[in-house]
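Only one structure is covered here, and it is reproduced in the block below.
The values are calculated or read from the model by the stated rules, or taken from the named source; none is laboratory data. Please read all numbers here as calculations on a predicted model, not as lab measurements. All Cβ positions, glycine included, derive from the backbone under ideal geometry; neighbour counts span all protein chains shown.
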Ligand SMILES: *Cc1c(COP(=O)(O)O)cnc(C)c1O
């Protein structure tokens, strides 16, 4: 394993000073380079973003907002935050951007706090149909502090049931309606959701964590013109640093800013804020727009190739970067499939399918996504190969067969190197 150049001269220093952690950095890099990364929420961020994250901006306290900080010495980091805000507003056509949330979940806490009080009713996608923990899970603050009513997909189409959503909205009069999910392969009809919000006087909140990168690349329609508030992560298809962001209409700008700071966080992570600016600049390029379209083309190809292997695509396919696959046809459950694929160097996750007869720890499905492999430069041909590797791995209990598949995985990934010197 050769040392990778993006660690730069400081990597030598780290390996001398802390061989244990430097070994983790190197073996994690090797893991990312050699296995197939099909986790739908992961990506390979650029070296420029990584360089920003590993910078001295990490040392700076900057509580407050640019021009209104509680600490001195913020003149340089202010420039970075202004750039991130301006780039976000221009890329998404938003009135206002808050670039400080430490993560997607933090951004969502800020949204709840800005628009609701504990005990208020919020309508959000059911976790068992693809919603996120922060959409009302009983083990999450959202489920503990709010009266979250869940809507789901129709059993026949496995698509959001907008009639049910409207009926629930009329019956429960929510303060806020959340759309967006972590395991929903189709597009959300924002126009329909807006109409329902208007009918019942609810705030329209879109949690765009998963698909915002596709919006940034102009590959799918944007929620920004419709929603009062859009929260998201910056590290999924968007390919930026780990973090969160919130876009709002002007009328809600002050409420969101107050909710993030001082309402929910202390100092922003300025290295991440600068990394968000770098990623947003990358997202505005024709190369990124092509990338985001390729992500969808690849997801569709992977999805239909898996159907060709005797598995069923939930909701009949995908319109985004991820597919949810019902693998009951293979006779193997999601948990076992996940383990077998892992042993074969294929990193994906087990996932409940709508109306899943299995428990969440077992599941009848897997979720696969194409943001990372597309960043590597893989295309439709590779997706067909990957589907066949997945199918063989899922159907094999023999460790020797799985390790043979792993060799094939390594041969494939070696043709699409990432972060190589
Ligand atoms: C990933 C995700 C989040 C949480 O993001 P973290 O950065 O992991 O906190 C929130 N909402 C949705 C819909 C997500 O997919």
Practice task
Go through the residues of the stretch 344-364 one by one and say whether even a single one is modelled with pLDDT under 95, surrounded by fewer than 23 Cβ atoms within 10 Å (Cβ to Cβ) and touching a helix residue (DSSP H, G or I) at 6+ places or on another chain (Cβ under 8 Å).
Solution key: yes
Fill in the blank from the handout: For the stretch 160-183 the number of residues that are assigned to a loop (DSSP other than H, G, I, E, B), touching a residue at least 60 places away in the same chain (Cβ under 8 Å) and closer than 21 Å to residue 246 by Cβ is 2
Practice task
Tell me which of these residue 164 doesn't satisfy, since it passes every other one: (1) touching a helix residue (DSSP H, G or I) at 6+ places or on another chain (Cβ under 6 Å); (2) surrounded by fewer than 23 Cβ atoms within 10 Å (Cβ to Cβ).
Solution key: (1)
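Which count do you get for residues in the stretch 113-133 that are farther than 27 Å from residue 154 by Cβ and either surrounded by fewer than 24 Cβ atoms within 10 Å (Cβ to Cβ) or near the ligand (Cβ under 10 Å from one of its atoms) (or both)?
7
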Practice task
For the stretch 380-415, name all the residues that are crowded, with 16+ Cβ neighbours inside 10 Å and under 25 Å from residue 282 (Cβ atoms).
Solution key: 382, 383, 413
Handout entry: Residue that is nearest to the chain's Cα centre (by Cα) [pool: residues in the stretch 235-263 that are surrounded by 20 or more Cβ atoms within 10 Å (Cβ to Cβ) and over 21 Å from residue 95 (Cα atoms)]
Key = 236
Completion exercise
Within the stretch 188-211, restricting to residues that are free of Cβ contacts under 8 Å to residues at least 60 places away in the same chain and within 12 Å of the ligand (Cβ to nearest atom), the one that is farthest from residue 273 (Cα to Cα) is 188
Exercise for the section: Evaluate the following for residue 363: is it touching a strand residue (DSSP E or B) at 6+ places or on another chain (Cβ under 9 Å) and under 19 Å from residue 31 (Cβ atoms)? Expected result: no
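Hey, can you tell me all the residues within the stretch 219-234 that are assigned to a strand (DSSP E or B) and either surrounded by fewer than 24 Cβ atoms within 10 Å (Cβ to Cβ) or away from the ligand (no atom under 11 Å from the Cβ) (or both)?
229, 230
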Exercise for the section: Kindly list, by first and then second residue, each pair from a residue in the stretch 101-118 that is in the same structural domain as residue 210 (by TED's automatic domain parsing) and in contact (Cβ under 8 Å) with a residue 12 or more places away in the chain to a residue that is away from the ligand (no atom under 15 Å from the Cβ) and outside any helix (DSSP H, G or I), limited to pairs with Cβ atoms under 6 Å and residues at least 6 apart or on different chains. Expected result: 113/263; 115/203; 116/175
